[in-house]
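Beneath this line is the structure, given in structure tokens, with notes to follow.
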Amino acid sequence: MTIPEKPATIRIVAGDAPKRRRRGLEISLLAALVLLIGAGAAVASVTQKNAPAPTAAVTTPAATLKLGYFGNVTHAPALIGLQQGFFQKDLGATKLSTQVFNAGPAAVEALNAGAIDAAYLGPNPAINSFVKSRGESLRVIAGAASGGAQLVVKPSIRTAADLKGKVLATPQLGGTQDVALRSWLGRQGLKSGQADAGAPDAVTINPTDNAAALKLFQDGKLDGAWLPEPWASRLVLQAGATVLVDEKDLWDGSLTAKPGQFPTTILVVNKNFLDQHPETVRALLKGHVESVQWLRQNPAAAAEVINAGLTTAAGSALPADVLSRSLSGLSFTDDPLAGTYRKLLQDGVDAGTTKSADLGGMVNLGPLNAVLRDAGLPAVSAAGLGSQ
């Protein structure tokens, strides 16, 4: 019978030769690993040297710039830029197309959908869009107007308490005047939410087209409205309303350069459009700055040109007294007054139209300040909310 061979065994004893052999094997493996790593590094180095250098994102002038604005006196820089041809001159080969809106939320919706690329609008819809999109929707690139918004009411209404049970209007839910009214009512101890309807201290707010608000007030179906110019002046001069609140009286100057300043109109741009076409945005801003400077330097001629713009945008010019009163409460500025945005955000939170959020990055004033610098004009501040 053949006896099967036993499996080979290694006896491990301290100081025995097999341990020395294992150490030698470990050293050999380590040396091989070092050589392998070195070879890999050499290949990676050669590959990196031969690889093409990373290229910067390619930007080009846009073929078309689609601009939104309102047929309001508070949008005079847009009206002047269009009537005087500043925008198209500075845009050069880029074609300019325009769309007229009644209020900011509708303009923001069009901006987010790509129907327009830039827009003049109030700050609250811009803030709300920035918050909802987590910073991806738009950037504030300039200011346009400060002032020019009032709560005008029937003469019988003389105090905030007189508003209980009354019906008021604003241009659109979530718009700048809508938020201003709702937050102001809250500070007066009055309620304006849908859940408060019928309560003894409640005020009904019906978002209404500006022209319709004038007609409803004239027909006695509205008790008042918080409106931008020229609509506040139209209700006063053409429908017998009186001013209960001039919004400029609510701003003490702690957030701006002087008392009474607050942003009524700003200029925003779709973020993707800004990233892809910075040259076009700068050209738009050049025309914007020219428009603001023209308004400041030509007050006597401004009314006629603004009226021509209103005729194009809204279908009719304003009577001289309405336009004069409208302009008396307005100042036109490149400064977006970004220092007010955190308060405006909180007003929106209090009014229930937006959520609390960080507004960092919302403002990009680098292109504007470059244009201002070229024109010999002072730069404006982003108030810590973005680049400048």
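Computed from the coordinates by the stated procedures, all read-outs in this text should not be read as laboratory data. No experiment lies behind these values; they were computed from the predicted model shown. Note that we place each Cβ from the backbone using ideal geometry, even for glycine, and neighbour counts take in every protein chain shown.
Of note:
- Prolate/oblate/rounded label for the range 143-198 (Cα gyration tensor, a/c 1.5): oblate
- Chain lengthening between ALA370 and GLU136 when straightened (0.36 nm per residue, less Cα-Cα): 81.9 nm
- Karplus-derived 3J(HN,Hα), 6.51/-1.76/1.60, for each residue of the range 112-122, Hz, glycine and proline x: 5, 7, x, 6, 9, 9, 8, 7, 8, 7, x
- Label positions at THR312 and LEU377, each projected 7 Å from the Cα along the C-beta direction, are separated by 1.9 nm.
- Cross-link table LYS154/LYS258; LYS191/LYS355; LYS221/LYS258; LYS89/LYS343, entries beyond 27 Å C-alpha to C-alpha: LYS154/LYS258; LYS221/LYS258; LYS89/LYS343
- Annotation: extensible slack from LYS215 through VAL243 equals 8.3 nm (criterion: 0.36 nm per residue apart, minus Cα-Cα distance).
- Those residues of the range 275-290 whose amide nitrogen sits under 19 Å from the label point placed on GLN88, 7 Å along Cα→Cβ: 280-281, 283-290
- Between LEU250 and ASN272, the contour length at 0.36 nm per residue exceeds the alpha carbon distance by 4.4 nm.
- Distances between placed amide hydrogens fall under 5 Å for LEU138 paired with LYS271, all partners being 5 or more residues away or on another chain.
- Packing-based ranking, highest mean first, of 256-268, 65-77 given that Cβ atoms within 10 Å are counted: 65-77, 256-268
- For LEU96, the residues whose amide H sits under 5 Å from its own are LEU65, ignoring neighbours fewer than 5 places away on the same chain, with H placed 1.01 Å from N.
- Spatially proximal aspartates and glutamates relative to LYS248 (Cα-Cα < 16 Å; intrachain offsets below 8 disregarded): ASP178, GLU229, ASP347
- Net +/- balance of residues flanking ALA202 in space, Cβ distance below 11 Å, scoring K and R +1, D and E -1: +1
- Long-range amide H partners of GLY71 with built H, under 5 Å: PHE101
- Across the range 96-108, coupling constants 3J(HN,Hα) worked out from phi with the 6.51/-1.76/1.60 Karplus curve, θ = phi - 60°, read 9, 10, 10, 9, 9, 10, 8, 7, x, x, 5, 5, 5 Hz, and Gly and Pro carry x.
- Zone residues, the range 336-361, relative to ALA199, backbone N less than 13 Å from point 7 Å out along Cα-to-Cβ: 351-352
- Label-to-label distance, nm, for residues given as ARG296 and ALA257 (7 Å Cα→Cβ offset): 0.7
- Peptide packing: for 338-349, 172-183, the average count of neighbouring Cβ atoms within 10 Å per residue gives the ranking 172-183, 338-349, highest mean first.
- Cut-off 11 Å (backbone N to label point 7 Å along Cα→Cβ of SER387), residues of the range 308-340: none
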